[in-house]
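Structure record follows, encoded as structure tokens.
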Amino acid sequence: MIAINEIIGMVLMAIGLLFQVLGAFGLIRLPDVYNRLQAATKSITLGAISIAIGVGVAEPTLLPKALIVAFFLLLTNPIISHGIARAAYRSGVPLWKGSVIDQYEKALERSGKGGDPQ
Amino acid sequence: MMERSTIQRSLPALAISILIAGTLFLAFVEIGFGENKVDSEDAVANRYIANGTTETGSSNLVTSVVVNYRGFDTLGEVTVLFLAATGVGAMINLLPEDGKKRSKGPKPSLIMTQGGMLAIPVIALFGTYVFLHGHLSPGGGFQGGVIIATAFLLYLIAKPDAKTSHRTLSLSESLAGLSFIGIGLIGLAVSGIFLDNVIEGFGVLGELVSGGLLPLIYIAIGIKVGSEMSGLVEKMRGDAS
Amino acid sequence: MNGYEWIFYGGIMALMAVGIWAILSRRNLIKAIMGLVIIETAVNLLLVAVGYVNDRSAPIVNGDTGLGDSPVGEVVDPLPQALVLTAIVIGLATTALALVAAVGYFRSTGTLELKSFTYGRTDETEVKE
Amino acid sequence: MTVDPVLLIVIPLVAAFLVPITSIFMKGLAKWIPLLGLIGMAVVMALDFGDLYDGPVTSITGGFGPPWGISIIMTPFGGLLATGMIGVALFVMISEIDGKKRAHQTVYNTMVMMATTGAVGMVITGDIFNMFVFLEITAIAGVVLAAIPRDGHEKGLNWRGAAVYALVGGVASFLVLAGIALLYGATSTLNIYQIAERIEGVDTFVVGAAFLTMFIGLGIESELFPLNGWAPEVYRGSKWGTGSLFSGVIGKAGLLALLRISFVVLSPGLENGIVMDILLWVGAATYLFGEAAAFSSKDLYRVLGYSSIGVFGLLVASFSLGVADGIRGGTMLLLGHMLAKPILFSMMGFAGRKKKGDVPLSSLKGLIRSSPSAGIIMTIGILALIGMPPSPTFWGKYFLFSAAGSEGQWLLISILIIGTLFEAGYLGRMLFNIFDTRKERKADTLPLARGIMGALFVFFIFLIGFLPGPLEDIITFVIAELIDPLNYISWGSI
């Protein structure tokens with residue numbers, strides 16, 4: 001007989017795995033750096049957190065650690081992807097030609113050349 | 001469409017790689033996977049598993065192998081890292097100018113600076129924890145050192161203009177390396193054996209203060225690896241600015 | 001023989017073949033270095049796989065793994081794990097140096113292609129006496 | 001008197017870790033710390049050398065004897081080789097003392113010392129994984145050495161050499177590691193003597209695969225054909241000292257490791273004699289290839305580089321004959337090459353130091369008149385390399401030919417003769433240029449330190465050439481190590 005928490009954990013891990021796979025798929029299929037970053041951060045962060053919590057639920061002794069892992073993933077992943085996107089934009093990586101909006105450019109214009117829109 | 005010369009090169013390369021990998025694969029299948037070889041008296045690992053905790057006082061058996069049974073390897077490993085750091089620094093100095101002017105990039109954004117500053121102390125603390133508990137939990141000097149160096153890297157990303165002291169880095173690197181060898185020489189002086197764990201019976205198994213000289217060596221390694229990796233990062237920044 | 005050999009060793013050796021192939025067939029230095037890193041990964045995995053013992057846990061006795069105690073004598077072989085630790089550091093050092101050398105080659109020649117890996121290429125310059 | 005041989009490794013490491021501190025507080029001193037480390041190694045080696053006449057010198061590290069800990073087994077062969085390596089490194093470093101300021105001298109000296117430490121470690125360690133670690137120390141120091149260009153030489157060739165060596169050396173070392181994993185899986189031990197003990201019980205195919213990886217990996221390090229494509233690139237772009245280190249220290253360490261792993265460890269596990277046959281013919285092919293390529297090269301650095309490749313082939317061939325006289329000849333050839341090659345590199349570096357780019361043969365023109373001392377030393381070096389009596393190479397070739405003759409290896413003898421003809425061809429051309437005084441050349445004084453080191457090595461050449469007798473006791477142990485694995489096994493199990 002499998003305990004109920006283990007089933008919940010398994011389901012969470014399966015969901016996480018699904019998002020990981022989708023993220024990896026997006027990393028290959030999407031057209032440019034910025035789109036790929038979407039896949040690499042949003043869906044993979046969600047997937048990783050889901051797996052971490054799933055492990056914690058299935059094995060309750062690991063729950064505190066899993067929560068800490070999830071917290072730091074949530075803290076660091078967006079910051080770093082923000083940094084990467086900004087660095088890519090600043091060093092002149094072009095947008096995909098099908099992109100419809102470039103708000104960062106407008107913000108740069110508003111704050112003057114070389115300045116930093118906060 | 002591949003060029004003709006690419007194909008000409010690829011096919012022999014494919015043949016050679018399949019030959020080597022295939023031979024190794026068949027040989028490893030012959031050895032077997034997951035079979036229990038460590039229980040036989042002939043295996044060296046048998047002694048590590050059966051007596052490792054009592055002989056070295058460390059509950060992490062990998063640590064007892066790395067620092068005690070095969071400590072000489074670890075000294076070589078630290079040396080490899082030292083050579084790589086020195087060598088990369090020297091080679092970066094040797095690099096020819098590429099004629100490009102590098103302008104200073106824009107300041108990092110608020111998110112980057114604040115988020116980085118939030119994470120750095122936690123990361124540094126965690127790195128210290130990892131190398132202090134190398135004899136109790138997974139991890140050790142190398143891992144802890146690398147974690148500390150990531151904190152340093154994050155600091156440089158968050159504040160690219162920050163001044164770092166090259167002097168302090170190379171001083172701590174040298175002193176940590178010398179203290180590693182010094183601990184080894186204590187063994188040579190006391191019992192005539194280099195890197196002998198002369199106070200191994202000290203402390204209670206599983207507590208922080210245990211394992212004799214083992215945690216001391218891992219602290220030295222942690223500081224050395226941390227400052228070496230930080231130095232590596234710093235040298236690479238020196239090239240880019 | 002329990003079938004796991006094919007998964008573990010087969011996967012590792014596939015990686016190894018990819019790495020060797022990349023080094024032998026690509027003349028671009030960066031791609032060749034990628035091949036080197038793939039070989040490193042394969043060999044590290046290989047070492048861990050050699051030390052695995054079925055149905056045993058991590059070699060930490062009474063330790064804080066969060067998975068409960070591993071009694072003395074009921075753990076996998078710790079030696080290959082210690083070797084992997086060394087091999088990882090060595091791989092890092094090799095890769096770092098190869099990359100810096102590639103940067104130097106690029107800056108002094110303007111290309112990353114190794115025109116010819118072999119001997120016999122002469123581009124001797126006339127030397128003023 | 002016996003000193004713990006582990007000090008051979010510990011002293012240079014202390015010196016290496018002291019370099020950063022010293023360069024902060026006393027900048028002028030920092031570049032001589034590595035020299036002090038090398039001198040420390042030489043002292044330890046000198047104190048231990050007498051004991052090699054009675055057999056191997058051993059030590060253990062880490063508090064546990066073999067097979068659990070790492071043991072150090074300095075066999076007489078390893079000790080002899082280590083002595084030569086330390087000598088070559090001292091030659092390289094002392095020759096550079098001439099009061100001139102050179103760029104990157106501190107790093108260069110540190111790397112010379114560490115390459116030597118790694119090579120010495122490889123030949124004296126008794127543990128196969130420890131050998132891999134030392135192989136890596138050597139390889140990494142080698143990459144940095146290859147990247148340091150000669151004075152005033154800026155063509156990017158040094159980067160090419162460094163990049164190619166980093167790549168190929170990396171592949172080599174990881175193949176060796178795969179072989180080590182295989183041997184560990186098959187025998188559950190890492191000590192060389194214990195693997196040798198157990199190898200007969202291992203499946204032949206597994207031993208064959210281990211031999212394949214070890215042969216590729218260590219063959220790359222010891223520049224064997226067809227794995228030596230990287231070597232001319234390194235010789236061509238780097239300083240003369242780097243060339244002497246690659247031919248006299250790094251390659252020699254790879255060579256001894258290859259011989260020990262093949263003959264002592266793996267050979268008993270395979271069909272009788274097959275390892276010897278493979279190595280014999282690979283060696284012969286390398287000899288022919290190296291000498292022919294040296295004959296047809298124009299750049300002096302590459303001539304000497306290819307010539308070293310040829311000598312590596314000759315050494316492998318003579319050791320793999322598997323008879324006492326072959327090994328005796330190989331040992332003498334080894335010593336002769338270690339003494340003669342650094343002389344040639346050093347004098348050639350002196351004669352061609354003003355050239356940008358490749359150094360053509362003509363830069364030796366009139367050396368005997370412009371700088372008589374350099375001309376004389378180089379002439380003796382060249383004659384010693386061909387094998388004029390009395391030189392170690394003469395004895396080496398004498399024993400080698402008699403061994404090959406008594407074994408009835410006529411194909412090998414004809415290869416040796418053809419190779420020697422090529423050798424005489426390019427070395428004769430060098431001699432001809434040295435004595436060609438038709439064109440006036442400005443007088444050129446040889447720096448004192450370089451002259452003294454050259455004269456010292458010339459003295460050693462004559463010493464061994466006239467009095468090879470005292471080495472005979474050590475050579476007996478060399479033969480014992482390579483012919484019967486049981487000897488090494490009994491030395492290893494302290």
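Quick notes on this structure:
- Residues in region A:52-79 that are open to solvent by 70 Å² or more (accessible area, probe 1.4 Å) and within 26 Å of A:A39 (Cβ to Cβ): A:L67, A:I68, A:V69, A:F71, A:L74.
- Restricting D:S247, D:S262 to residues that are under 15 Å from the mean Cα position of the chain (by Cα) and either buried (at least 22 other Cβ atoms within 10 Å of the Cβ) or basic (K, R) (or both) narrows the list to D:S247.
- Residue tally, condition crowded, with 21+ Cβ neighbours inside 10 Å and at positive phi, over region C:71-112: 0
- B:I31 satisfies every condition listed in (1) open to solvent by less than 10 Å² (accessible area, probe 1.4 Å); (2) within 9 Å of chain C (Cβ to nearest Cβ) except (1).
Residues checked against (1) of a type in the set (A, V, I, L, M); (2) over 22 Å from B:N51 (Cβ atoms); (3) at pLDDT 85 or above; (4) open to solvent by less than 30 Å² (accessible area, probe 1.4 Å):
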| residue | (1), (2), (3), (4) |
| --- | --- |
| B:P160 | no, yes, no, no |
| B:H166 | no, yes, no, no |
| B:I186 | yes, yes, yes, no |
| B:S191 | no, no, no, no |
| B:L195 | yes, no, no, yes |
| B:I199 | yes, no, no, no |
| B:L205 | yes, no, no, no |
| B:G226 | no, yes, yes, yes |
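- Selected residue (only one of D:I343, D:I327 is closer than 21 Å to D:P447 by Cα and touching a residue at least 12 places away in the same chain (Cβ under 8 Å)): D:I343
- D:G55 being open to solvent by 10 Å² or more (accessible area, probe 1.4 Å), small (G, A, S), away from chain B (no Cβ under 14 Å) and in contact with a helix residue (DSSP H, G or I) (Cβ under 9 Å, 6 or more places away or on another chain): no
- Contact map, region D:199-212: first residue over 19 Å from D:I489 (Cβ atoms), second residue in a loop (DSSP other than H, G, I, E, B) and open to solvent by 70 Å² or more (accessible area, probe 1.4 Å), Cβ cut-off under 8 Å, separation 6 or more or different chains; pairs are D:T204/D:E271.
- Condition met for D:F91 (in contact with a Ser or Thr (Cβ under 9 Å, 6 or more places away or on another chain), among the aromatic types (F, W, Y), closer than 30 Å to D:A480 by Cα and open to solvent by less than 40 Å² (accessible area, probe 1.4 Å)): no
- Complete set of residues in region B:108-133 that are closer than 17 Å to B:S227 by Cβ and not in a helix (DSSP H, G or I): none
- Annotation: D:I39 fulfils all but one of (1) within 26 Å of the chain's Cα centre (by Cα); (2) open to solvent by 40 Å² or more (accessible area, probe 1.4 Å); (3) modelled with pLDDT under 90; the unmet one is (3).
- Being exposed (fewer than 14 other Cβ atoms within 10 Å of the Cβ) and over 23 Å from A:H82 (Cβ atoms) is a description that applies to A:I4.
- Failed item in (1) free of Cβ contacts under 8 Å to residues at least 40 places away in the same chain; (2) assigned to a helix (DSSP H, G or I); (3) surrounded by 22 or more Cβ atoms within 10 Å (Cβ to Cβ), with B:A50 passing the rest: (3)
- Some residue of region A:46-53 being within 14 Å of another protein chain (Cβ to nearest Cβ), touching a helix residue (DSSP H, G or I) at 6+ places or on another chain (Cβ under 9 Å), assigned to a helix (DSSP H, G or I) and over 20 Å from B:P108 (Cα atoms): yes
- Complete set of residues in region B:86-96 that are touching a helix residue (DSSP H, G or I) at 6+ places or on another chain (Cβ under 7 Å) and either open to solvent by less than 10 Å² (accessible area, probe 1.4 Å) or not β-branched (V, I, T) (or both): B:G87, B:V88, B:G89, B:A90, B:M91, B:L94, B:L95, B:P96
For (1) away from chain C (no Cβ under 11 Å); (2) part of a helix (DSSP H, G or I); (3) aliphatic (A, V, I, L, M), each residue gets a yes or a no:
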{"position": "D:D151", "(1), (2), (3)": "yes, no, no"}
{"position": "D:W159", "(1), (2), (3)": "no, yes, no"}
{"position": "D:A163", "(1), (2), (3)": "no, yes, yes"}
{"position": "D:A186", "(1), (2), (3)": "no, yes, yes"}
{"position": "D:Q194", "(1), (2), (3)": "yes, yes, no"}
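- Any hit, region B:135-142, residues being modelled with pLDDT under 90, closer than 25 Å to B:Y218 by Cα and touching a Pro at 6+ places or on another chain (Cβ under 7 Å): yes
- Filtering D:I368, D:I309, D:I327 for residues that are closer than 22 Å to D:I452 by Cβ, among the β-branched types (V, I, T) and in a helix (DSSP H, G or I) leaves a single hit, D:I368.
- Only listed residue being buried (at least 22 other Cβ atoms within 10 Å of the Cβ), at pLDDT 85 or above and of a type in the set (S, T, Y), chosen from B:T23, B:T63: B:T63
- Residues that are in contact (Cβ under 8 Å) with a residue 40 or more places away in the chain and more than 18 Å from B:S137 (Cα to Cα), drawn from region B:56-75: B:G71, B:F72, B:T74, B:L75
- Given (1) within 7 Å of another protein chain (Cβ to nearest Cβ); (2) open to solvent by less than 10 Å² (accessible area, probe 1.4 Å), number of the condition B:K37 does not satisfy: (2)
- Test result for B:L83, facing chain C (nearest Cβ under 9 Å), crowded, with 17+ Cβ neighbours inside 10 Å, more than 30 Å from C:E74 (Cα to Cα) and free of Cβ contacts under 8 Å to residues at least 60 places away in the same chain: yes
Each row is one residue, and each column tells you yes or no for (1) more than 28 Å from D:F77 (Cα to Cα); (2) open to solvent by 10 Å² or more (accessible area, probe 1.4 Å); (3) more than 24 Å from the chain's Cα centre (by Cα).
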position: D:G408; (1), (2), (3): no, yes, yes
position: D:L427; (1), (2), (3): yes, no, no
position: D:D436; (1), (2), (3): yes, yes, yes
position: D:K442; (1), (2), (3): yes, yes, yes
position: D:R450; (1), (2), (3): yes, yes, no
position: D:F462; (1), (2), (3): no, yes, no
position: D:G465; (1), (2), (3): no, no, no
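- Selected residue (only one of D:L411, D:L385 is in contact with a Lys or Arg (Cβ under 9 Å, 6 or more places away or on another chain), among the aliphatic types (A, V, I, L, M) and outside any loop (DSSP other than H, G, I, E, B)): D:L385
- Any pair with Cβ under 8 angstrom, 6 or more apart, that starts in region D:57-74 at a residue that is closer than 14 Å to D:S490 by Cα and ends at one that is of a type in the set (D, E): D:V57/D:D48; D:V57/D:D51; D:P66/D:D127; D:S71/D:D127; D:M74/D:D48
- Matching residues, region C:28-53, being touching a Phe, Trp or Tyr at 6+ places or on another chain (Cβ under 8 Å) and facing chain B (nearest Cβ under 8 Å): C:L46, C:A49, C:V50, C:Y52
- Among the residues of region D:271-315, those identified as closer than 27 Å to D:M131 by Cβ, surrounded by fewer than 20 Cβ atoms within 10 Å (Cβ to Cβ) and not polar (S, T, N, Q) are D:E271, D:G273, D:I274, D:M276, D:D277, D:I278, D:W281, D:A285.
The values are calculated or read from the model by the stated rules, or taken from the named source; none is laboratory data. Predicted model only: the values in this text are computed from it and were never measured. Here the Cβ is made from the backbone with ideal geometry for all residues, glycine too, and neighbour counts use every protein chain on show. Side chains are part of the model used for accessible areas, which takes the heavy atoms of the whole protein and leaves out ligands, DNA and RNA. Shrake-Rupley method; radii C 1.70, N 1.55, O 1.52, S 1.80 Å.
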